[in-house]
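Notes for the one structure printed next.
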Amino acid sequence: MDIIMDQLFRVAIYLRLSKDDGDFSSGMEGKNESNSIHNQRKLLLSFLEKRPEMELYDEYKDDGRTGTNFDRPDFKRMMEDVRTGAVNCIIVKDLSRFGRDYIECGKYIEKIFPQLGVRFISVNDGFDTAAASSSDSIVIPFKNLINDSYSRDISIKVRSNLDVKRRQGEFISNFAIYGYTKDPQDKNHLVIDDYAAGVVKDIFKWKLEGLSPDRIAGRLNKLGILSPMEYKKSKGSRYKTAFKTGSKALWSHVAVRRILQNEIYAGVLVQGRRTTPNYKIKRPIYKDESEWVRVEGKHEAIIEKSQFDLVQQVLREDTRAAAKESSVYPYCGRIYCADCGAAMVRKTANSGGKRYVYYVCSANKADRTICSKHSIREDALDKAVLKTIQRQIEVALDLDRVMQQIDAFDWEKVELRKIDGNIEYQNQVIEKNNVLRLGIYEDLREGILSKDEFLTLKAEFTARIEEAEGIIEQLMMDKNSIMDGLGKQQNWLSRFREYENVSEISRVLIVNLVARVNIYENAEIEVVFRHQNQFAGIMEFLKTQENDGKDAAYHGLEVV
């Protein structure tokens, strides 16, 4: 195509640089674009100065945008101006600034621009569609292919490098998570932000006291505490999110729950939850949890692992507060019928001008033929449970006193070996039943089993697997409790001292000390304490110590 010298070209200069190549957001105050963008602009404006037939219409800039696709804000704006006829000439520094997708670049240069009557110029490549030769039709596709290959190679190297960093426990996100900040000496290491960490501790404490995530969010907003997004902004961060819906982001139940469930606060760095199919497709793919990269001990924990585990357990329980209550009731998710295993439900009744609160078996409430009421008044329940807890606290403090007189590490080592052995056994149970479950599919296909027999066996094997998984979960919680206590004079045991003078039932008391309360007929109760197996383990250990001739001084102690 011959150049028409007397035609006036309304020019769009297009500038682009990806995050990987540029220095945008490098932390320099007042900097709003990369050096490369500035240099591209100078080159293209200098090119225009020598061509009177060209008139600059507008500049289009995608700084920090990938060239592997054309989903870029200013590129889209430029194409809108092209289609309305406002622009009929596009100039770029070189083909790689235009894009790095071989197929899409070729489609624009060879098909879309000619159809729209748009002249396209790549200055450094010496390419101009108004003076293109037959050799350009061969060279330009090869240059686009090379640019495409460059992006692919860079993507592979970046992915590999990031994966290595994750597995080494280096923090690779752009922004530190709430409660932490990046170490000034090492951007891949997290250090505690004292103010935000204090808020995180309050959130975990309030959860154990019975507040729902929604109530916690409301309390934080009422106290005027900045949400994670607003806090980052107040610290000078350019952090942005698609979740913001108002002029000022407030705390929400989602944000609170996200904090409560994040293992990073227990000292576990979890990364690599999602990826993308390849360097061209940016749609995220969420990985299976087994593929996540988990590294412990690379940063300081804000929340003890045992407390974090306890909160996860509480979150799984039915902890809905009544409409007019600020927190859940003390026994919520912890009280059961001893005979049928169903949860007990809290009821109220008015009689003689007085209000009575009592618990009944939920199975009986639904169908009276299934179970009896197992009814018990709340005041009688509180009295009995409190007395039992007070006795257990006395035992715990006596054990704590004795353990301080001997080498507690001996017990810890023995107990950890027992727990590890039990976990290994439960994993063997899971593996065995998985094999059996897979085998019955083959038996069904070959007609050895009927469909009903298959479903019965499948349910049985699945139940065994789920039971073993539940046991492992509890064993891991026990193990974490012991590990927290290493070097801290039995941290979980001495913690009972916090409740030494307890005089009333509260949600935090029940959650921290009680695993479940079983209600029998005639209002008899059984309190199952957390760490009950560890109590028994200590008693056994102390007896062994005495038999070995060591001064255990455990006489009179018993586990409630």
- Test for residue 59: is it more than 18 Å from residue 77 (Cα to Cα), in a strand (DSSP E or B) and either small (Gly, Ala, Ser) or at pLDDT 85 or above (or both): no
- Query: assigned by TED's automatic domain parsing to the domain that holds residue 505 and either surrounded by 12 or more Cβ atoms within 10 Å (Cβ to Cβ) or of a type in the set (Ser, Thr, Tyr) (or both), is that true of residue 335?
  - Reply: no
- Query: Do we find that residue 296 is in contact (Cβ under 8 Å) with a residue 12 or more places away in the chain, farther than 30 Å from residue 522 by Cα and of a type in the set (Asp, Glu) in this structure?
  - Reply: yes
- Pick from the range 391-412, criterion of a type in the set (A, V, I, L, M) and closer than 17 Å to residue 478 by Cβ, ranking: modelled with the lowest pLDDT: 408
- Query: Between residues in the range 511-539 that are assigned to a helix (DSSP H, G or I) and residues that are at pLDDT 85 or above and of a type in the set (Val, Ile, Thr), which pairs lie under 7 Å by C-beta distance while being six or more apart or on different chains?
  - Reply: 511/314; 513/389; 523/376
- Message: Anything in the range 344-387 that is part of a loop (DSSP other than H, G, I, E, B), among the small types (Gly, Ala, Ser) and within 42 Å of the chain's Cα centre (by Cα)? List them, or say none.
- Response: 375
- Message: With loosely packed, with under 15 Cβ neighbours inside 10 Å, β-branched (Val, Ile, Thr), at pLDDT 90 or above and over 20 Å from residue 506 (Cα atoms) as the only criterion, which of 254, 268 stands out?
- Response: 254
- Item | One residue from 453, 460, 467, 415 being modelled with pLDDT under 80, out of contact with any Phe, Trp or Tyr (no Cβ under 7 Å at 6 or more places or on another chain) and surrounded by 13 or more Cβ atoms within 10 Å (Cβ to Cβ) | 415
- Any residue in the range 436-453 that's without any contact (Cβ under 8 Å) to a residue 24 or more places away in the chain: show its pairings with residues that are of a type outside the set (A, V, I, L, M) and surrounded by 13 or more Cβ atoms within 10 Å (Cβ to Cβ) at Cβ separation under 7 Å, as long as the two are six or more apart or on different chains. 440/454; 440/458; 444/454; 449/443
- Message: Restricting to the range 73-99, and then to whatever is in a loop (DSSP other than H, G, I, E, B) and touching a Phe, Trp or Tyr at 6+ places or on another chain (Cβ under 7 Å), can you tell me which residue is farthest from residue 120 (Cα to Cα)?
- Response: 86
- Item | Where a residue in the range 395-415 is more than 19 Å from residue 513 (Cβ to Cβ) and its partner, wherever it lies, is at pLDDT below 65 and loosely packed, with under 13 Cβ neighbours inside 10 Å, with Cβ under 8 Å and at least six apart | 404/489; 405/551; 406/551; 408/489
- Quickly run through the range 432-443 and pick out the residues that are within 40 Å of the chain's Cα centre (by Cα) and surrounded by 12 or more Cβ atoms within 10 Å (Cβ to Cβ). 432, 433, 434, 436, 437, 439, 440, 441
- Query: If we keep just the residues of the range 359-394 that are touching a residue at least 60 places away in the same chain (Cβ under 8 Å) and among the hydroxyl-bearing types (Ser, Thr, Tyr), which is farthest from residue 500 (Cα to Cα)?
  - Reply: 372
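The values are calculated or read from the model by the stated rules, or taken from the named source; none is laboratory data. Quick caveat, the model's predicted, so the values are computed rather than measured. A quick note on method: Cβ atoms are made from the backbone with ideal geometry, for glycine too, and the neighbour counts reach across all protein chains shown.
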